[in-house]
Amino acid sequence: MRPFETLTEQEILALAISLEEEDARIYDDFADGLKENYPEQADKFKALRREEDGHRHRLLELFRSRFGEHIPLIRRQDVRGFIKRRPVWLVRPLGLKAVQKEAELMELETKRFYEVAARRATEAGVRQLLGDLAEEERHHAVTAEQIAATRLSEEESARRQRLFVLQVIQPGLAGLMDGSVSTLAPLFAAAFATHNSFDTLRVGLAASVGAGISWGSRKRSRTTAASPAAAIRGRAVWFAA
């Protein structure tokens, strides 16, 4: 894995092209995953995808004029300091909140990348383009925040409520029933086998503590960073460059 500060201008441009291609495809997947339940939000991600394609075309034109047709393969996972992305775009049905948060994080990270890359560039044309893209990505970050704050239409709100029932309430009730049975079963078994209230109490306490630990570990494993900006500050090493 390469440190960011060792990249040449050719490699920085190649990395920028790769980033724009990846972001465009992710936004396309977001739009596809949201189009059934959140069509208005899907249209906004399609617009973001078109803008990312425009960024890629400008980077390709500059790269060809400076370095020719061959673009070295360098990806975000090949450079130290980038945030590892959770593939939320593969989940179906796609959750709107997860998409909104991921989009905001993507734009903040890309904006910071262009700011740092522009400071490292020595050729005027490269520096100008990277600086311009940093400013455009700043506007994208604002757009992502606006998407997250957009009020849903009545139809989209109704769909969201139905999804909430199917994805949260129904599994929660099923889990509650399953947990109750798994906790009460050893309690009744101990009472029947020992005919001793104290032993039954100890078995019940042990089952309850075990269920609590299991629930707590699952909840912690699903916890994510409080905000995209905090995630970037905490995990992206090269942002301090």
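So the values come out like this:
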quantity: Residue match in segment 72-92 (condition: of a type in the set (A, V, I, L, M), part of a helix (DSSP H, G or I), under 15 Å from the mean Cα position of the chain (by Cα) and more than 23 Å from residue 2 (Cα to Cα)); calculated: yes
quantity: Hits in segment 21-44 - residues which are in a helix (DSSP H, G or I) and either touching a residue at least 60 places away in the same chain (Cβ under 8 Å) or outside the structural domain of residue 100 (by TED's automatic domain parsing) (or both); calculated: 23, 26, 27, 29, 30, 33, 34, 39, 40, 41, 44
quantity: Candidate set from segment 107-163 (those that are outside any helix (DSSP H, G or I) and among the aliphatic types (A, V, I, L, M)); member that is modelled with the highest pLDDT; calculated: 121
quantity: Count of segment 23-67 residues which are farther than 19 Å from residue 108 by Cβ, among the aliphatic types (A, V, I, L, M) and in contact with an Asp or Glu (Cβ under 7 Å, 6 or more places away or on another chain); calculated: 1
quantity: Lone qualifier among 117, 47 - being surrounded by fewer than 20 Cβ atoms within 10 Å (Cβ to Cβ), in the same structural domain as residue 135 (by TED's automatic domain parsing) and under 20 Å from residue 139 (Cβ atoms); calculated: 47
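The values are calculated or read from the model by the stated rules, or taken from the named source; none is laboratory data. In this text, all values refer to a predicted model and were calculated from it rather than measured experimentally. Please note: Cβ atoms are built from the backbone with ideal geometry, for glycine as well, and neighbour counts cover all protein chains shown.
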